[in-house]
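For reference, the structure discussed in these notes is given below.
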Amino acid sequence: MGIKLIIAALLISLFALTNTAFASKYYNRRLCSDSEYTCIKVKRGDSWNKLFPDATTQRIIRRINRMNIELSAGMMIAIPKDLEKNDPLAFSPLPNRITPLDRTVIVVDLDKQAFGAYDASGKLVHWGPVSGGQDYCPDIGRPCHSPTGIFYVQYKEGPDCFSSKYPLPDGGAPMPYCMYFHGGYAMHGCVLPGYNASHGCIRMFTEDAEWLNKNFVEFGAKTTEVIVQQEFEY
């Protein structure tokens with residue numbers, strides 16, 4: 001009887017640990033315990049357009065949940081209780097201002113899975129979700145975390161940018177509006193599943209990568225600075 005109880009206790013502990021790891025993987029699961037948010041479970045037949053027909057509201061919800069994939073039954077969606085703000089910048093997890101660096105700056109917070117674009121005066125002008133490197137990539141058999149530190153945008157390409165390495169062995173994965181900041185690592189448009197899922201690049205909504213690529217990133221004497229941190233400290 002004692003052995004059965006021990007086995008049962010171990011199974012319960014394992015289940016709890018698995019659920020905790022699963023919850024921490026998805027950014028939006030953290031918000032379910034936040035009093036400022038309500039979480040709903042997606043039902044069969046639900047879609048982004050069905051649940052959030054207003055385009056601005058849907059845009060905000062997708063950003064908060066760090067995902068642009070299609071919805072499927074059983075998924076959780078976090079919804080802020082103050083949606084009447086109707087302003088995407090109001091839901092940024094990053095500060096509204098940073099110390100001016102006399103150049104444009106892109107801050108990437110891997111823990112919050114978000115980026116913030118700051119103008120030369122240090123003002124936040126745009127933000128969006130990101131998906132950084134995974135703890136482990138099965139195809140290469142090792143961790144594939146995103147590099148952290150202070151970098152600068154080295155060069156960029158347009159909508160036809162693609163990976164020369166992934167998927168193995170020949171590459172070819174689309175990386176629209178790529179902006180390389182450290183060797184082969186780039187910020188680029190891609191699918192975001194709500195958690196860190198890349199080989200080290202900084203994935204963004206394609207609309208955000210396009211905006212940064214066309215309207216924000218600078219070169220020359222004041223090349224855009226890229227600050228990548230596990231948790232951004234202001």
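The values are calculated or read from the model by the stated rules, or taken from the named source; none is laboratory data. Predicted, not measured: the structure shown is a model, and the values here were computed from it. Neighbour counts run over all protein chains shown; Cβ positions are idealised from the backbone, glycine included. Each accessible area value is taken on the protein alone, full model and side chains, heavy atoms only, with ligands, DNA and RNA left out. Shrake-Rupley method; radii C 1.70, N 1.55, O 1.52, S 1.80 Å.
A few points about this structure:
- Entry remark, the range 198-226: residues being touching a strand residue (DSSP E or B) at 6+ places or on another chain (Cβ under 7 Å) and either open to solvent by 20 Å² or more (accessible area, probe 1.4 Å) or not hydrophobic (A, V, I, L, M, F, W, C) (or both) number 13 in total.
- Looking only at the range 181-197, and only at residues there that are outside any loop (DSSP other than H, G, I, E, B) and out of contact with any Phe, Trp or Tyr (no Cβ under 8 Å at 6 or more places or on another chain), the one that is least open to solvent (accessible area, probe 1.4 Å): Pro193
- Tally of residues being of a type in the set (A, V, I, L, M) and under 15 Å from Pro129 (Cβ atoms) across the range 66-101: 6
- Pairs linking a residue in the range 112-126 that is of a type in the set (Val, Ile, Thr) to a residue that is open to solvent by 50 Å² or more (accessible area, probe 1.4 Å), with Cβ atoms under 8 Å and 6 or more positions apart or on different chains, do not occur.
- Residue ID - farthest from the chain's Cα centre (by Cα), chosen from residues in the range 157-180 that are open to solvent by 70 Å² or more (accessible area, probe 1.4 Å) and not charged (D, E, K, R): Pro169
- Within the range 220-234, residues that are within 16 Å of Cys201 (Cα to Cα) reach partners that are of a type in the set (Phe, Trp, Tyr) and open to solvent by less than 20 Å² (accessible area, probe 1.4 Å) with beta carbons closer than 7 Å, at six or more positions or on different chains, in the pairs Val226/Phe181.
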